[in-house]
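Asks: This is the structure I have questions about; it appears just below.
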Amino acid sequence: MGERITTVDRDGLTFDVRDEGPIGGEIVVLLHGFPQDSRSWEGVAPILHDAGYRTIAPDQRGCSPRARPRRRRDYRIPQITEDAVALIEAVGAGSRVHLVGHDWGSVIAWSVAARRPDLVQSLTAVSVPHPAAFLRAFVTSTQLLRSWYMLLFQFPWIPEFLLSNERIANSVLRGSGQPRAAAARDAARLADRSAVRGGVNWYRAMLWTDPKATLDPVTVPTLMVWSDRDIAVGPAGVDATPHYVSGPYRSETLAGVSHWIPDEVPDELARLVVEHATANS
């Protein structure tokens, strides 16, 4: 608990980590999504630090330069879940952490909370609902249409070719509602084609993941944060999420906000995380 960490090793991979805030504070682990990295929490983390929390934000598998295996199967949800577990065990010193995830980071946060509740004090899922509820939404709503890009990502080379073009990537991100500075930041990172491949492989590995691996209920105190201008995730999965949470559950919908909640309204998200973490400390 008294030492900063900059990397975590697991299964031959090395993950870069941002360890910031009061060294003795309760730990909040922040898991980013695609196509972002740990910098997506730059607006949220300082507010958590001011509230007394220490933040641990890794660059996840496919994002960290020394953690980019080439095989699709290496990006299955159970594998990435174990990456997060290794991180928590490395920094938690036997204590449970407050776990926050956005986008794909939310998927992994749900998985960690379901499989290893002994490591999680509270869960805050941002934008993406429980995976089983999300899958259910594919057949009960327009979610399949919203997720059209997942099919595109199954094709070889095409996503890498398109998204490594900084102008195209920036245009796509801006069109989805991401603020200008954040879109420029993330589009510049995608100019490295291996970074695109690493992120897209999360989607490609969905075909290698047993759907039953996503059905486990969550027992820890859970906060679901969604925004009503999210073009990628509709309300159906969010509405179905309480069916998969047996612990205390709360849902918040942010009006007029896009999918990119940590970038667009970091103050509001940080306030909700602090409230939830404080109530479950």
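Asks: Every residue in the range 40-72 that is touching a Lys or Arg at 6+ places or on another chain (Cβ under 7 Å), of a type outside the set (A, V, I, L, M, F, W, C) and farther than 15 Å from R10 by Cβ, please.
Replies: Taking the range 40-72 first, the residues touching a Lys or Arg at 6+ places or on another chain (Cβ under 7 Å) are 57, 62, 67, 72.
Next, only the ones that are of a type outside the set (A, V, I, L, M, F, W, C) stay: 62, 72.
If the condition is that a residue be touching a Lys or Arg at 6+ places or on another chain (Cβ under 7 Å), of a type outside the set (A, V, I, L, M, F, W, C) and farther than 15 Å from R10 by Cβ, then R72 is the only one that fits.
Asks: How about the range 64-88: which of its residues are under 24 Å from E160 (Cα atoms) and open to solvent by less than 10 Å² (accessible area, probe 1.4 Å)?
Replies: Residues satisfying the conditions are S64, A67, Y75, I80.
Asks: When you scan the range 183-277 for helices (runs of 4 or more DSSP H) that lie fully inside it, which ones turn up with 2 or more residues that are farther than 27 Å from S141 by Cβ and charged (D, E, K, R)?
Replies: Passing ranges, in order: 193-204.
Asks: Working carefully through the options N201, N170, find the one that is over 25 Å from E252 (Cα atoms), buried (at least 21 other Cβ atoms within 10 Å of the Cβ) and of a type in the set (S, T, N, Q). Give the derivation first.
Replies: Details: N170 fails: buried (at least 21 other Cβ atoms within 10 Å of the Cβ).
Testing whether each residue is over 25 Å from E252 (Cα atoms), buried (at least 21 other Cβ atoms within 10 Å of the Cβ) and of a type in the set (S, T, N, Q) leaves just N201.
Asks: From the residues in the range 12-41 that are without any contact (Cβ under 8 Å) to a residue 40 or more places away in the chain and assigned to a loop (DSSP other than H, G, I, E, B), which one is surrounded by the most Cβ atoms within 10 Å (Cβ to Cβ)?
Replies: If we filter the range 12-41 for residues that are without any contact (Cβ under 8 Å) to a residue 40 or more places away in the chain, which is where we start, we get 12, 20-25, 38.
Remaining after also requiring assigned to a loop (DSSP other than H, G, I, E, B): 12, 21-25.
Numbers: G12: 8, G21: 21, P22: 14, I23: 11, G24: 9, G25: 15.
Result: G21.
Asks: Among T278, T219, T253, which is the only one that is in contact with a Gly (Cβ under 9 Å, 6 or more places away or on another chain), open to solvent by 10 Å² or more (accessible area, probe 1.4 Å) and within 28 Å of E26 (Cα to Cα)? Break it down into steps so the answer makes sense when it comes.
Replies: On the way: T278 fails: in contact with a Gly (Cβ under 9 Å, 6 or more places away or on another chain); T253 fails: in contact with a Gly (Cβ under 9 Å, 6 or more places away or on another chain).
From the options T278, T219, T253, the qualifying one is T219.
Asks: Is it true that some residue in the range 49-62 is part of a helix (DSSP H, G or I) and farther than 18 Å from D103 by Cβ? Walk me through it before giving the result.
Replies: Narrowing the range 49-62 to residues part of a helix (DSSP H, G or I): 49-50.
Then keep just the ones that are farther than 18 Å from D103 by Cβ; that gives 49-50.
Yes, the conditions are met somewhere in the range 49-62.
Asks: Let me ask another. Is it true that A132 is in contact (Cβ under 8 Å) with a residue 60 or more places away in the chain and touching a Phe, Trp or Tyr at 6+ places or on another chain (Cβ under 6 Å)? Spell out how you get there, then give the answer.
Replies: Working: in contact (Cβ under 8 Å) with a residue 60 or more places away in the chain: yes; touching a Phe, Trp or Tyr at 6+ places or on another chain (Cβ under 6 Å): yes.
Against the criterion (in contact (Cβ under 8 Å) with a residue 60 or more places away in the chain and touching a Phe, Trp or Tyr at 6+ places or on another chain (Cβ under 6 Å)), A132 qualifies.
Asks: Is it the case that P156 is outside any helix (DSSP H, G or I) and either in contact with a Ser or Thr (Cβ under 7 Å, 6 or more places away or on another chain) or closer than 16 Å to D103 by Cα (or both)?
Replies: Values: outside any helix (DSSP H, G or I): yes; either in contact with a Ser or Thr (Cβ under 7 Å, 6 or more places away or on another chain) or closer than 16 Å to D103 by Cα (or both): no.
No.
Asks: Determine whether the range 114-131 contains at least one residue that is under 19 Å from D228 (Cα atoms), among the hydroxyl-bearing types (S, T, Y), part of a loop (DSSP other than H, G, I, E, B) and modelled with pLDDT under 95.
Replies: no
Asks: Out of curiosity, is A240 over 18 Å from the mean Cα position of the chain (by Cα), open to solvent by less than 20 Å² (accessible area, probe 1.4 Å) and hydrophobic (A, V, I, L, M, F, W, C)? Can you show your working first?
Replies: Details: over 18 Å from the mean Cα position of the chain (by Cα): yes; open to solvent by less than 20 Å² (accessible area, probe 1.4 Å): yes; hydrophobic (A, V, I, L, M, F, W, C): yes.
So A240 passes the test.
The values are calculated or read from the model by the stated rules, or taken from the named source; none is laboratory data. These numbers were taken from a predicted model, which means no experiment stands behind them. Positions of Cβ are generated from backbone atoms using ideal geometry, with glycine treated the same way; all protein chains shown enter the neighbour counts. Keep in mind that these areas ignore ligands, DNA and RNA; they rest on the heavy atoms of the full protein, side chains included. Shrake-Rupley method; radii C 1.70, N 1.55, O 1.52, S 1.80 Å.
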